[in-house]
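The values are calculated or read from the model by the stated rules, or taken from the named source; none is laboratory data. If you're wondering where the values come from, they're calculated on a predicted model, not measured in any experiment. Cβ sites come from the backbone with ideal geometry, for glycine too, and all protein chains shown count toward neighbours. Keep in mind that these areas ignore ligands, DNA and RNA; they rest on the heavy atoms of the full protein, side chains included. Shrake-Rupley method; radii C 1.70, N 1.55, O 1.52, S 1.80 Å.
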Amino acid sequence: MTQYDTVIIGAGHNALVCANYLAQKKQKVLVLEASSAAGGLASSYEFHPGFRTSVAHTVSHFSRKIYRDLELQKHGLTAMANPLPCVALNRQGNHVVLDGDTVSGVTEKDRVSYANYSKLTERFANLLAPFWLKTVPAIGNNSLHELLSFAQLGVKMRMLGKDDMREFLRIVSLPTHDLMDEYFDHPLLKALLCWNGLIGSKQAPRSPNNSVMLMLYRMSEGMSGLHEIPNGGTSRLIDALCSSAKSQGIEIRTNSSVRRIVVDQQKEGLRATGVQVDNGELISAQNIVSSADPKTTFLTLLGAENLEIEFTNRIRRIRSEGLVAKLHLALNGLPQFTGLDQSDGQLLISPDMATIESAFDESKYGQCPTDPVMEIVIPSMRDPSLAPSGQHVLSAHVMYVPYKMKSQWDQTAIDTFIDKLINKIELYAPTIREQIVASELLTPIDLEQRFRTSGGHWHHGEFALDQLFMMRPTYGAAQYQTPLRGLYLCGAGSHPGGDITGVPGHNAAHEILS
Amino acid sequence: MSDYDFSSERPKPSHFQQRQDELNIHDAWSSWNGYKFAEYFYDVEFEYFCVRNTCGTYDICPMQKYHITGADAEKMLDRMVTRDVTKIRTNRASYVVWCNDEGRLIDDGTIFKLGDDHFILNCGSPCSAWLDKSAFGFHDITIDDKTDDVAAMALQGPTSCAVLKSMGLENIESAKPFSINFFDFQNARLMVSRTGFTGDLGYELWIDHNLAIPLWDAVYKAGHDLGIHPYGDQATNMLRLEAGFIMPGYEFNEALKTVHFEHDQTPFELNLGWLVDFKKPHFNGRRALFDEKKRGPRYTLTKLDIEGNKPAEGSFLYSNKRCTEEIGYVTSGMWSPAAKANIALAMIETKYLEGEIWSEIYYEKELRQYSKVARCTIKHEPFWSPARTRATPAADF
Ligand SMILES: Cc1cc2nc3c(=O)[nH]c(=O)nc-3n(C[C@H](O)[C@H](O)[C@H](O)COP(=O)(O)OP(=O)(O)OC[C@H]3O[C@@H](n4cnc5c(N)ncnc54)[C@H](O)[C@@H]3O)c2cc1C
């Protein structure tokens, strides 16, 4: 029987990153994935014969450090592409486009404002950068080393100068809506700039207190908040991580669902010593690392009886109901959006901030938005292998689709909603309906079941101040270690959170090795 | 001015209120968990002597009584408390404590095991929120707060067994300490446990609240010639201190109600290490308690015999007579009639236990304040622990 140093539960991208770092230090690593392929929410699968897609359709700020450390270039990830243009669609074709540093389709005044705005936000986002590739200090821990990130934040704030510092403190807790109103006139531009900060969380432009912070936070890895698709598609990233894993002797077993984490009662207390796979097989290892979300890890795989009571209660309280649904359309040709030559990019259907806000409002009361807002990508333009030749895949993140519906999520509800979404897209791409070969809608409940993430949540747990930094997923487990010796977390539920960044996996590996 | 008239804060009557009202000649009431509750009835010392010499009854209706049932009840309790619940036999009671995640004491109480899937947890403060949290993750479990449905009284003192015998509780004398026994009382089930909080021979009686007054009357009728009297909170405090039992608000501050860091206590600090079982499966606070056991507790609750007769209540303790180095504080102190000694429980920094201990006692004489410094001697045995407390069969006296 092989003796493993580390067994990792789940083969999401974070698990793969973590495994690769551990293997670089000569660890013998086994990764167990319940589904038939690696990649988690970023894995590609066939949703209609001949048509493939992945739930995560772009890569937002994948860490450049990880890219270099793991030499992913050697494994086929030829340079990460430039940020995708982000297009706020207009029915008549008068779109607003943000491409790199330049914004078009707006007045000169908005253009100048945007230049100022992006300089400011870049400086501020930079402030939060020290928190990324690092373990956050534990509450009550006064070790100098761990407090350094805070010291760095302090120093960086001082270096901003008095005016900037005041401005930072003012806007960091502002609702995005107010910040946009201060700077811009064009409703499409405002909606566009909000979007990438909000997506995936239970926030809308008017949400008080931390929507600007979340936006800055996501910008802080040097991507200005824009997304990218690697050459050859998102799946290239997963392929590269798997290829690197293979070359380092990491074993990845798919169709291997972990049923429970095995614990051993030792003199010093409980210790995680292995896992049991669904077929009954027991596998032991020095370290058990879970990339499953914290609720699944602690409440399902470990069990409350092996944990402390207050800790369990904090895990139970983690807010993790997802608010994003996925629409996938198999198309017999490239969709034509009015006034757009190229449908390559992140295409937003969100005419203004008020529409975003209303959609959010309805979701609060368990209703699907009457006037849905969404982000569309045609991934097959970057990765032709996703569809038969000449055909395409449309992938859309539909925001503010409730996990818990006032009425049930049943087939009728799903079909009605798909129809509503297609009607909406039709307003911008009038011929879309005739192009549809097949469609699929994944509600947060579907995402939860298929990808085994509590609530089907984008970030494995709400992305808000009460669940960030040393509170992510909760104190007692915010440093990747858990109250159980030998058990670590490495997924999106840990600091710094979700998106295809690889950072939780990177930081977890660092903790395991230290 | 607000319209709030505080009426909702009026203590509710105990199930024995009718009888206690007649006996509480000073109307000396306070409240416990929202129930009207006697500070004393006629005279504290008199009530104390009743319990030590004959017997007394004490109202424990306000004590919280949770019935925990289901196949997972034992597992859930075992994870919550520090003692091994699987070792409690059916119809036996066990003294337990439970801690928060950091190993700080939340409360103490007794667990009664009535069957493999039926337990009762009795404790001084409401803890249903904690029980709910503790039960999360266990599936076959029901927690029922029966506090308002059960009437309960403690019957304590040397003649207590005789009273129950004369009430007709057959064979009660052979009931062992911590045993739970059942009798028929007016066609209902009367539960009698040989438990109590006085360190003396004694029992606790539990019955449906509708039978509270008939039970009271039956006990008092049987006890008429055996010196039975009610006793209140103040006498209880004397009795338990002689027995060396801890009391919230004196020896410990419930961890869930403590604001300041480490102003609560651990079982080791309270000298209750014998209740912490590291051999049983995982329980709450284990990690912290294991570390503390290795490190040794910072404080240790200690029994003191103090020279002189001035009660040392609230006094500071020092390592020398000049009182230059503070090493702890007295948590409860009194002149003990039974031990004929000036006794106290005190929290003392463990590292000073080997050396001298001096207490600076403050007292008042006709409005004048005085202080004196008295030498303290550590006692390892309870101040009061007569053989009759444990003897089975229990004698009549
Ligand atoms: C609808 C939606 C759209 C998104 N779109 C984007 C996007 O466009 N760009 C972006 O950057 N981010 C996007 N995200 C966020 C991103 O996908 C996640 O934050 C990210 O995938 C988290 O990666 P991970 O490795 O931590 O976990 P996951 O990708 O969730 O992987 C966890 C893996 O663990 C496995 N697992 C769980 N339990 C077990 C078990 N018991 N045994 C074995 N295996 C188990 C799961 O099957 C899964 O494969 C999106 C999220 C959602 C929900």
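Remarks
- Test result for A:A464, away from the ligand (no atom under 12 Å from the Cβ) and more than 14 Å from chain B (Cβ to nearest Cβ): yes
- Strands (runs of 3 or more DSSP E) enclosed by region B:283-397 - at least 3 residues per element that are in the same structural domain as B:Y48 (by TED's automatic domain parsing) and β-branched (V, I, T): none
- Scanning region A:281-302 for residues that are away from chain B (no Cβ under 14 Å) and open to solvent by 30 Å² or more (accessible area, probe 1.4 Å) gives A:E281, A:L282, A:S284, A:Q286.
- Test: residue in region A:77-88 that is in a loop (DSSP other than H, G, I, E, B), in contact with a Lys or Arg (Cβ under 6 Å, 6 or more places away or on another chain) and open to solvent by less than 50 Å² (accessible area, probe 1.4 Å): yes
- Qualifying positions in region A:419-453 - within 24 Å of the chain's Cα centre (by Cα), open to solvent by 20 Å² or more (accessible area, probe 1.4 Å) and of a type outside the set (D, E, K, R): A:S439, A:I445, A:Q449, A:F451
- Those residues of region B:55-69 which are out of contact with any His (no Cβ under 8 Å at 6 or more places or on another chain) and either open to solvent by 10 Å² or more (accessible area, probe 1.4 Å) or among the charged types (D, E, K, R) (or both), in sequence order: B:Y58, B:D59, B:M63, B:Q64, B:K65
- Selected residue (criterion: nearest to the other protein chains (Cβ to nearest Cβ)) from residues of region A:481-503 that are closer than 21 Å to A:S284 by Cβ and in contact with a helix residue (DSSP H, G or I) (Cβ under 7 Å, 6 or more places away or on another chain): A:P483
- Scanning region B:245-273 for residues that are among the β-branched types (V, I, T) and in contact with an Asp or Glu (Cβ under 8 Å, 6 or more places away or on another chain) returns B:I246, B:T258, B:T266.
- Test: residue in region A:303-321 that is away from every other protein chain (no Cβ under 14 Å), crowded, with 21+ Cβ neighbours inside 10 Å, in contact (Cβ under 8 Å) with a residue 24 or more places away in the chain and under 27 Å from A:I414 (Cα atoms): yes
- Checked against the criterion of being within 19 Å of the chain's Cα centre (by Cα) and either within 14 Å of chain A (Cβ to nearest Cβ) or open to solvent by 20 Å² or more (accessible area, probe 1.4 Å) (or both), region B:155-173 contains not a single residue that satisfies it.
- Among all residues of region B:95-108, there is none that is assigned to a helix (DSSP H, G or I) and either open to solvent by less than 10 Å² (accessible area, probe 1.4 Å) or closer than 20 Å to B:F138 by Cβ (or both).
- Within region A:443-482, the set of residues being aliphatic (A, V, I, L, M) and outside the structural domain of A:T273 (by TED's automatic domain parsing) comprises A:I445, A:L447.
- Out of A:G269, A:G249, A:G274, sole residue that is open to solvent by 30 Å² or more (accessible area, probe 1.4 Å) and either in contact with a strand residue (DSSP E or B) (Cβ under 8 Å, 6 or more places away or on another chain) or assigned by TED's automatic domain parsing to the domain that holds A:A492 (or both): A:G249
- Candidates in region B:124-154 are the residues that are under 27 Å from B:D217 (Cβ atoms) and open to solvent by 40 Å² or more (accessible area, probe 1.4 Å); of these, the one that is nearest to the other protein chains (Cβ to nearest Cβ) is B:K146.
- Those residues of region A:500-514 which are open to solvent by less than 30 Å² (accessible area, probe 1.4 Å) and either more than 10 Å from the ligand (Cβ to nearest atom) or at negative phi (or both), in sequence order: A:I500, A:T501, A:V503, A:P504, A:G505, A:H506, A:N507, A:A508, A:A509, A:E511, A:I512
- Taken over region A:488-499, the criterion of being at pLDDT 95 or above and within 7 Å of the ligand (Cβ to nearest atom) is satisfied by A:G491, A:A492.
- Verdict on B:E254 being open to solvent by 70 Å² or more (accessible area, probe 1.4 Å), of a type in the set (D, E, K, R) and under 26 Å from B:G333 (Cα atoms): no
The rows are residues; the columns are (1) under 24 Å from A:L327 (Cβ atoms); (2) among the acidic types (D, E); (3) within 15 Å of the ligand (Cβ to nearest atom); (4) open to solvent by less than 30 Å² (accessible area, probe 1.4 Å).
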| residue | (1), (2), (3), (4) |
| --- | --- |
| A:E33 | no, yes, yes, yes |
| A:S36 | yes, no, yes, no |
| A:A42 | yes, no, yes, yes |
| A:E46 | yes, yes, no, no |
| A:F51 | yes, no, no, yes |
| A:V59 | yes, no, yes, yes |
| A:I66 | no, no, yes, yes |
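- Of the residues contained in region B:375-395, one or more are found to be over 22 Å from B:G249 (Cβ atoms), at pLDDT 95 or above and touching a Lys or Arg at 6+ places or on another chain (Cβ under 6 Å).
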